[in-house]
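Working notes, beginning with the structure itself.
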Amino acid sequence: MSKTYKVDGMTCGGCAASVQKAIAGAVPGATVSIDLPTARVTVDAAALDDAVVRKAVEDAGFDYAGTV
Ligand SMILES: [Cu+2]
């Protein structure tokens with residue numbers, strides 16, 4: 001399944017890479033793609049728990065703003 005989230009606080013490619021790495025580490029087998037200009041993060045994984053994504057985003061220091 002694939003879901004798109006809004007993540008605030010990403011200002012550059014380094015931020016995007018941090019979020020990508022955090023989510024990929026927290027969600028097994030996840031493919032994470034990030035669109036920096038719109039702050040959208042799309043996660044594709046067999047099983048996807050919003051709470052897990054939220055924790056990964058927040059632990060990495062960014063603001064989880066829900067699903068889009
Ligand atoms: Cu940055």
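The values are calculated or read from the model by the stated rules, or taken from the named source; none is laboratory data. All figures in this text were calculated on a predicted structure; none of them were measured in a lab. FYI the Cβ positions are ideal-geometry reconstructions off the backbone, even for glycines, and counts take in every protein chain you see. Ligands, DNA and RNA are excluded from the accessible area calculation, which covers all protein heavy atoms including side chains. Shrake-Rupley method; radii C 1.70, N 1.55, O 1.52, S 1.80 Å.
Taking segment 37-63 on its own, how many of its residues are open to solvent by 80 Å² or more (accessible area, probe 1.4 Å), out of contact with any strand residue (DSSP E or B) (no Cβ under 9 Å at 6 or more places or on another chain) and over 13 Å from residue 25 (Cα atoms)?
3
Within segment 18-35, is there a residue that is open to solvent by less than 60 Å² (accessible area, probe 1.4 Å), more than 8 Å from the chain's Cα centre (by Cα), within 16 Å of the ligand (Cβ to nearest atom) and more than 16 Å from residue 64 (Cβ to Cβ)?
Checking segment 18-35: not a single residue is open to solvent by less than 60 Å² (accessible area, probe 1.4 Å), more than 8 Å from the chain's Cα centre (by Cα), within 16 Å of the ligand (Cβ to nearest atom) and more than 16 Å from residue 64 (Cβ to Cβ).
Those residues that are within 21 Å of residue 47 (Cβ to Cβ) and either among the β-branched types (Val, Ile, Thr) or near the ligand (Cβ under 8 Å from one of its atoms) (or both), I need them from segment 1-17; list them, please.
Correct list: 4, 7.
Output the residues belonging to segment 1-17 that are touching a residue at least 40 places away in the same chain (Cβ under 8 Å) and farther than 16 Å from residue 65 by Cα. Write out each step before concluding.
From segment 1-17, those touching a residue at least 40 places away in the same chain (Cβ under 8 Å) are 1-10, 15; that's our starting set.
1, 2, listed by residue number.
Quick test for you: out of 66, 14, pick the one residue that is open to solvent by less than 60 Å² (accessible area, probe 1.4 Å) and either outside any helix (DSSP H, G or I) or at pLDDT below 95 (or both). If you could, list the steps in order and put the result at the bottom.
Values: 14 fails: either outside any helix (DSSP H, G or I) or at pLDDT below 95 (or both).
When all the criteria are applied, what remains is 66.
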